[in-house]
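Peer 1: Mind looking over this structure? Questions follow.
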Amino acid sequence: MATYDLTPRIGPNLDRHLVFPLLEFLQERQLYPDEQILKAKIELLNKTNMVDYAMDIHKSLYHTDDVPQDMVERRVEVVARLKALEDAAAPLVTFLQNPNAVQELRADKQYNLQMLNDRYQIGPDQIEALYQYAKFQFECGNYSGAADYLYQYRALCTNSERSLSALWGKLAAEILMQNWDTALEELNRLKEIIDSKSFSSPLNQVQSRIWLMHWSLFIFFNHDNGRTQIIDLFNQDKYLNAIQTSAPHLLRYLATAFIVNKRRRPQFKEFIKVIQQDQCSYKDPITEFLACVYVNYEFDGAQKKMKECEEVILNDPFLGKRVEEGNFSTVPLKDEFLENARLFIFETYCRIHQRIDMGVLFEKLNLNYEEGERWIVNLIRNSKLDAKIDSKTGTVIMEPNQPNVYEQLIDHTKALQGRTYKLVGQLLEHAQAQPAR
Amino acid sequence: MASKFWTQGGSDTEEEETDIEDEIENGGAGETTAAAAGSRYLQTNASDSDDSDGQKRVVRSAKDKRFEEMASTVDQMKNAMKINDWVSLQESFDKINKQLEKVMRVTESDRVPNLYIKCLVMLEDFLAEALANKEAKKKMSSSNHKALNAMKQKLKKNNKQYEELINKYRENPESEEEKFEDEDEDEDEDESGSELEDPSQIAAESSDEDDEGEDVDDDDADGAWEKKLSKKEKLMDREFKKDPSEITWDTVNKKFKEVVAARGRKGTGKFEQVEQLTFLTKVAKTPAQKLEILFSVISAQFDVNPGLSGHMPINVWKKCVQNMLVILDILVQYPNIVVDDMVEPDENETQKGADYDGTIRVWGNLVAFLERIDNEFFKSLQCIDPHTREYVERLRDEPLFLVLAQNVQEYLERIGDLKSAAKVALRRVELVYYKPQEVYDAMRQLAVLSEDGEKDGDETKVEETRGTSAFVVTPELVSRKLTFPENSRALMDILVTLIYKSGDERTKARAMLCDIYHHALFDEFSIARDLLLMSHLQDTIQHMDVSTQILFNRAMAQVGLCAFRVGLIAEGHGCLSELYSGGRVKELLAQGVSQSRYHEKTPEQERLERRRQMPYHMHINLELLEAVHLICAMLLEVPNMAANSLDAKRKVISKTFRRLLEVSERQPFTGPPENVRDHVMAATRALCKGDFQKAFDVINSLDVWKLLRNRESVLEMLKAKIKEEALRTYLFTYCFSYDTLGLDQLTKMFDLSDAQIHSIVSKMLVNEELHASWDQPTRCIIFHDVEYSRLQALAFQLTEKLSILAESNERAVEARFGGGGLDLPLRRRDNQEYAAGTAGGGGGRWPDLSYNQGRQGSSGRAAYTGGGRPLALGQASRDRSSQSRGTGGYSGRAGSGMRGYQMDASARMVSLSRGVRG
């Protein structure tokens, strides 16, 4: 089951702290032995300042009350450093905590800096200290504090590089606090900067995009409107390019988003081509499902894949998000996915058939007979399907859909008018420009 | 007057030497004159070379004939000179120039025959004489006088081409001829007879040189080489032998300057100079001085090369490599010595001894030397007949060069000169990229073997140095061993990464192409394709030099083969079709010269072209390439023809294929297939009828398949594809005759599984290629009749014509106003977008893998997969020409069609990568 787990591929593109939720999820799903996950957690924590937490995990892993000496030492060190940084940043922090003083700040950054320097003796050093302090807070796991400080730091900071990393920090903190709306704002802000900024090397830019996309997964699969937005973001040429070159595993999320989103047809066709092309670099049941339905037209294969997809979704930290309802939890995305996938199969199937045996069809769609019949009747009633059921033979008969000759003719000639107008417009424009010259 | 000319050539030293030569010859066994024709150095072992002479003297009759003609013309000229008849002299001169071209073509060498050069020299002298003699000039008839002046101009112009050869000839006319001249002085007529031997002697000479060189090598190892020193060197030797302690830096330096100054001067033997300098390296006082002298030795060794077209004698080449290694040894031993060719170092810079602390600058350029050595290696492989043992022997020297390149690269990396290191890395890449794993392994083994052999050689060499008591002993610090990764891919990765980081544009482009080639060779189609698309090389390639364009063509061919092997027929066809569109594959891949019917090439062009040829072992098998191309075309075109059987002109995928098919259909009788083309045509005929088995059998009988590594799987893939296309063709052809068609029947007919047939047919249904639908309960295909009434059909035609009209209007306006403003119909807009993208990206910094040009890259990709017709690799740009890219920088392209074959390969390459459709 762990074959389709993407954590090892996603992990390197995330912040240390962001990997935690993923590990928690894995632990819950029991895809890996507990021991491994706990070890991974300690490994993860070693580079952060959450020493207490690391100690707890260590205890539960080895079932002892002793903690290794280096952890104890590290704790002391961390505390000392925290103290030092707190002192350094103290003047600015006190200033910012004073609501009266904060009101003196204006929109003009230069003015603010000048004012701080003149009246409170707060210079660049203190501002820098604030950044360090915020970062340290973040490392310690105090995300809300870090987010606040970083927000304020950004208002004062003049260095664009620093400002950018502060923004990353803020985004991570918001994600970890699960403030999805704020996080989404930060994400868009970051995206703008990345797209507009001229990076020293294009490689960096791509890397930033990849990071952004990975981080955004947290937001998009938790935010209400995320599923449309993920398509908006990932399906942009620049981002799709980045996915194809450096992180093809993200195709899974994009594919899922496309499947659960019905109104994205034009882009969907393009996306199928991408899937087809990248089959050699990445594939999992979800992309294979699409390939089966839209590239190879293998419906039996698609049906098999659909079952596998279910597993994949349940085991994916982003897709398999649970919603607790009373006593039992459901995975809303899974049901939606299956419903839509079924529709995809059926739709394509209908396009190429004239008469379909319902029994076979329902088998392909993983439905029982009554349920299926109801489903089809509903489709017909909603005029999504131009067909009739022949209940005696148990078949669905498609209405022949011959393209009307006259419609075709009209289609062919409709555009001509517009084109001619444009042509004339161009000619006239040019003719007017001529004498003017 | 001939005598005057002869004596002019010989300087004093030479006469001295001929004396020695004679002495030795007298001592030796009875010599043939031909043996003596070798250069002055081989006299001692002339008897050895006798055998080889015997072999080499077999001369083809056609060649002989040409030479005879030429010789007789020379005779005529001589006669004309005697009577001072400039008119006939002029005629003869024109004649001999024509003959020269023929001779060159016959001998297939770039070397101008000595006879011709001799004649030029003779003419020049005579002309000078005539001009000097004012009295005689006055007496001349007016026509004669005119001819004299015309001749003066012509000769001047003509001789410029051969200036180098003439000078060389003047410096040392062959000793044999010197001897002749004694005898022949009175009987000039006889000379023509002796001239006839010339070609054979030329052949003999080169082989002599080789033999002799090896001998020298052997003797060298014996430490006996002093014996063979010429008088002068003996003198020098003596001078230095007197007392080692007396030799100072100054004396060595003085001598060195003297020797170097003599370089290129009349009468300085080139081998001799090498010997002298080699000797000096042994008495050099400081490492820096030794280095300086070694650089000169290598330069002198390069001078030995007879001309631009010929290659350096192999033994000299080997010594050259050894010298380079010694240089590296010194540089490693004394890290304070810096090699530089930018600044002119101090006069006495090299005086600073081994214990000097500061940096010592020595003039020299390691990379340039290395590149020159590589070029010589390449040239020698070009010249040597690939079917001989000699060629194989020569190929064995490759590890030797690789060792050197590896060491130089390591050294450059250590001193931080990454740019040069990248250049060296490229040389290594270019020796490795075309090797499949098997060949690579063989090379590794060879390297290990020769390493053992070399160890012995090294020992003797060390002894030798001891024997002559070199002042600066250089231990072998640089490893003479080749360290190769197991896998050629690993090696490529290391080198290519270095180049991408620090190479210049051209180096990077070439490395990228080699990388693509190598990936393709290893069946990594998707990686190769991505590299090709992301680097935007297709757009920039026509601005690059010819050899890079050739490399590009080779890479394209290889990518095409790779696509075929992994079963991507449309992509394979996309890569190869352009190569074949002009019918000049050989030329485009630099694997031979194709004779054009319409246009005679000048010798100059031919020579250039020959210099570009790939050595035989790097060739891509043309038969295989042709087979793959035609099969791809067949698989695409046959169902396409069946689908559009009513209007055949409408959609043509491969023009080349269509033309071939027409030709073969026009034949009244078709015999059994003989060549690749016949085979594919026979297969096509079978496929058109839906007979997949016969089609496959015919193709299977081609013997080029044995060249494929994974032959079985490729043929299996091919069979599956043929079945599929046969099914499609069958459906297209007979859909009109059936109302329903059972799945079971199709399974039986085409030996495919239900699922496969279902999938193929479904695909056709969805793409609306076939107007039908499945009837699931009965497992049948039901065909719908889509029949239009006459009126409707006419209406469709009308609309179609209307849209064509509108389109051409738009195009006209666009061409006038330089386009862009028009909102084109969707179909074309795609391409235009791509065009705009690539035009913008063309000048960009491609090796950043175009991440910066995300947009272009992606639309490139979209274009690649998009569209009904396969827009594989760069084909996307085809439509562009019709859209008048006007403002862009492609204006050069417009002319390429008209200039046609007048241009050299560079322009042809342009038309290749751009697509020729107007």
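The values are calculated or read from the model by the stated rules, or taken from the named source; none is laboratory data. Since the model is a prediction, treat every value here as computed from it, not as a measurement. Because the Cβ atoms are built from the backbone with ideal geometry, glycine has one as well, and the counts that use them run over all protein chains shown.
Peer 1: Please give the number of the condition residue A:229 fails out of (1) at pLDDT below 85; (2) of a type outside the set (Phe, Trp, Tyr); (3) closer than 17 Å to residue A:321 by Cα; (4) not in a loop (DSSP other than H, G, I, E, B).
Peer 2: Here residue A:229 clears every test but (3).
Peer 1: I would also like to ask the following. Would you confirm whether or not region A:400-419 contains a residue that is at the interface with chain B (Cβ under 10 Å from one of its Cβ atoms) and in contact with a Cys (Cβ under 7 Å, 6 or more places away or on another chain)?
Peer 2: No: zero hits.
Peer 1: Also, quick follow-up: Mind listing just one residue for me: the one in region A:351-382 that is within 12 Å of another protein chain (Cβ to nearest Cβ) and surrounded by 20 or more Cβ atoms within 10 Å (Cβ to Cβ) and, of those, farthest from residue A:396 (Cα to Cα)?
Peer 2: This residue is A:352.
Peer 1: A further question on this structure: Kindly evaluate residue B:664 against the criterion of being in contact with a helix residue (DSSP H, G or I) (Cβ under 6 Å, 6 or more places away or on another chain) and either of a type in the set (A, V, I, L, M, F, W, C) or farther than 30 Å from residue B:390 by Cβ (or both).
Peer 2: Working: in contact with a helix residue (DSSP H, G or I) (Cβ under 6 Å, 6 or more places away or on another chain): yes; either of a type in the set (A, V, I, L, M, F, W, C) or farther than 30 Å from residue B:390 by Cβ (or both): yes.
Against the criterion (in contact with a helix residue (DSSP H, G or I) (Cβ under 6 Å, 6 or more places away or on another chain) and either of a type in the set (A, V, I, L, M, F, W, C) or farther than 30 Å from residue B:390 by Cβ (or both)), residue B:664 qualifies.
Peer 1: Which is farther than 21 Å from residue B:339 by Cβ, at pLDDT below 55 and surrounded by 14 or more Cβ atoms within 10 Å (Cβ to Cβ), of B:279, B:240? Before you say what the answer is, go through the steps one by one.
Peer 2: Values: B:279 fails: at pLDDT below 55.
Residue meeting the stated conditions: B:240.
Peer 1: So, one more: Looking at residue B:763 and the list (1) of a type outside the set (A, V, I, L, M, F, W, C); (2) away from chain A (no Cβ under 11 Å); (3) in a helix (DSSP H, G or I), which single condition is not satisfied?
Peer 2: Unmet condition: (2).
Peer 1: Here is a check on your reading of the model: is residue A:366 touching a residue at least 12 places away in the same chain (Cβ under 8 Å) and on the phi > 0 side of the Ramachandran plot?
Peer 2: So residue A:366 fits the description; yes.
Peer 1: For region A:383-398: of the residues being within 10 Å of another protein chain (Cβ to nearest Cβ) and β-branched (Val, Ile, Thr), which is surrounded by the most Cβ atoms within 10 Å (Cβ to Cβ)?
Peer 2: The selected residue is A:396.
Peer 1: So which helices (runs of 4 or more DSSP H) are wholly in region A:351-437 and hold at least 2 residues that are small (Gly, Ala, Ser)? Explain how you work it out, then say what you get.
Peer 2: Details: elements: A:358-364, A:369-381, A:405-436.
Correct list: A:405-436.
Peer 1: From the list A:86, A:77, A:35, which residue is touching a residue at least 24 places away in the same chain (Cβ under 8 Å), in a helix (DSSP H, G or I) and surrounded by fewer than 14 Cβ atoms within 10 Å (Cβ to Cβ)? Don't jump to the end; show me each part of the working.
Peer 2: Values: A:86 fails: surrounded by fewer than 14 Cβ atoms within 10 Å (Cβ to Cβ); A:77 fails: touching a residue at least 24 places away in the same chain (Cβ under 8 Å).
Unique residue meeting the criteria: A:35.
Peer 1: Do we find that residue B:797 is out of contact with any strand residue (DSSP E or B) (no Cβ under 8 Å at 6 or more places or on another chain), loosely packed, with under 12 Cβ neighbours inside 10 Å and either farther than 18 Å from residue A:295 by Cα or among the β-branched types (Val, Ile, Thr) (or both) in this structure? If you could, list the steps in order and put the result at the bottom.
Peer 2: Numbers: out of contact with any strand residue (DSSP E or B) (no Cβ under 8 Å at 6 or more places or on another chain): yes; loosely packed, with under 12 Cβ neighbours inside 10 Å: yes; either farther than 18 Å from residue A:295 by Cα or among the β-branched types (Val, Ile, Thr) (or both): yes.
Yes: the conditions hold for residue B:797.
Peer 1: Here's another thing I want to ask about it. I'm trying to understand the selection: among the residues of region B:766-796, which are facing chain A (nearest Cβ under 10 Å), of a type in the set (A, V, I, L, M) and more than 51 Å from the chain's Cα centre (by Cα)?
Peer 2: Scanning region B:766-796 gives B:772, B:781, B:782, B:786, B:791, B:793, B:795.
Peer 1: Next question, about the same structure. Checking residue B:806 against (1) of a type in the set (A, V, I, L, M); (2) part of a helix (DSSP H, G or I); (3) at pLDDT below 85, only one condition comes out false. Which one?
Peer 2: Of everything listed in (1) of a type in the set (A, V, I, L, M); (2) part of a helix (DSSP H, G or I); (3) at pLDDT below 85, residue B:806 misses just condition (3).
Peer 1: Something else about it: Picking from B:723, B:748, which residue would you name as being without any contact (Cβ under 8 Å) to a residue 40 or more places away in the chain and out of contact with any helix residue (DSSP H, G or I) (no Cβ under 8 Å at 6 or more places or on another chain)?
Peer 2: Details: B:723 fails: out of contact with any helix residue (DSSP H, G or I) (no Cβ under 8 Å at 6 or more places or on another chain).
It is B:748.
Peer 1: Out of curiosity, is residue A:314 under 23 Å from residue A:21 (Cβ atoms) and not in a helix (DSSP H, G or I)?
Peer 2: On the way: under 23 Å from residue A:21 (Cβ atoms): yes; not in a helix (DSSP H, G or I): no.
No.
Peer 1: Going through A:253, A:282, A:239 one at a time, which residue ends up being within 14 Å of another protein chain (Cβ to nearest Cβ), part of a helix (DSSP H, G or I) and either more than 24 Å from residue B:525 (Cα to Cα) or among the hydroxyl-bearing types (Ser, Thr, Tyr) (or both)? Working first, answer last.
Peer 2: Working: A:253 fails: within 14 Å of another protein chain (Cβ to nearest Cβ); A:282 fails: part of a helix (DSSP H, G or I).
That would be A:239, the only listed residue that is within 14 Å of another protein chain (Cβ to nearest Cβ), part of a helix (DSSP H, G or I) and either more than 24 Å from residue B:525 (Cα to Cα) or among the hydroxyl-bearing types (Ser, Thr, Tyr) (or both).
Peer 1: When you look at residue A:303, is it free of Cβ contacts under 8 Å to residues at least 40 places away in the same chain and in a helix (DSSP H, G or I), yes or no? Spell out the reasoning first.
Peer 2: Working: free of Cβ contacts under 8 Å to residues at least 40 places away in the same chain: no; in a helix (DSSP H, G or I): yes.
It is false that residue A:303 is free of Cβ contacts under 8 Å to residues at least 40 places away in the same chain and in a helix (DSSP H, G or I).
Peer 1: Here is a follow-up. Among the helices (runs of 4 or more DSSP H) lying completely within region A:91-173, list those that include at least 1 residues that are at pLDDT 80 or above and surrounded by 13 or more Cβ atoms within 10 Å (Cβ to Cβ).
Peer 2: A:124-140, A:143-156
Peer 1: Now a separate question. Just the residues that are exposed (fewer than 12 other Cβ atoms within 10 Å of the Cβ) and either farther than 28 Å from residue B:796 by Cα or over 42 Å from the mean Cα position of the chain (by Cα) (or both), please, taken from region A:408-423.
Peer 2: Listed by number, the residues that qualify are A:410, A:417, A:421.
Peer 1: When both residues are 6+ apart or on different chains and their Cβ atoms are under 7 Å apart, which pairs have a first residue that lies in region A:1-18 and is basic (Lys, Arg), and a second that is modelled with pLDDT under 80?
Peer 2: So the pair list comes out as A:16/A:44; A:16/A:47; A:16/A:48.
Peer 1: Can we say residue A:321 is charged (D, E, K, R), within 13 Å of chain B (Cβ to nearest Cβ) and closer than 23 Å to residue A:29 by Cβ?
Peer 2: On the way: charged (D, E, K, R): yes; within 13 Å of chain B (Cβ to nearest Cβ): no; closer than 23 Å to residue A:29 by Cβ: yes.
Considered against the rule, which asks whether it is charged (D, E, K, R), within 13 Å of chain B (Cβ to nearest Cβ) and closer than 23 Å to residue A:29 by Cβ, residue A:321 comes out as no.
Peer 1: Please state which of the following conditions residue A:290 fails to meet, knowing it meets all the rest: (1) more than 14 Å from chain B (Cβ to nearest Cβ); (2) within 19 Å of the chain's Cα centre (by Cα); (3) without any contact (Cβ under 8 Å) to a residue 60 or more places away in the chain; (4) assigned to a helix (DSSP H, G or I).
Peer 2: The one condition residue A:290 does not meet is (2).
Peer 1: Here's another thing I want to ask about it. Among (1) at pLDDT below 80; (2) in a helix (DSSP H, G or I), there is one condition residue B:92 misses while meeting the rest; what is its number?
Peer 2: (1)
Peer 1: Ok, one more. Between a residue in region A:230-256 that is under 20 Å from residue A:289 (Cα atoms) and any residue that is assigned to a helix (DSSP H, G or I) and of a type in the set (Ser, Thr, Tyr), which pairs come within a Cβ distance under 6 Å, given they are 6 or more apart or on different chains?
Peer 2: Cβ pairs passing all conditions: A:251/A:287; A:255/A:287.
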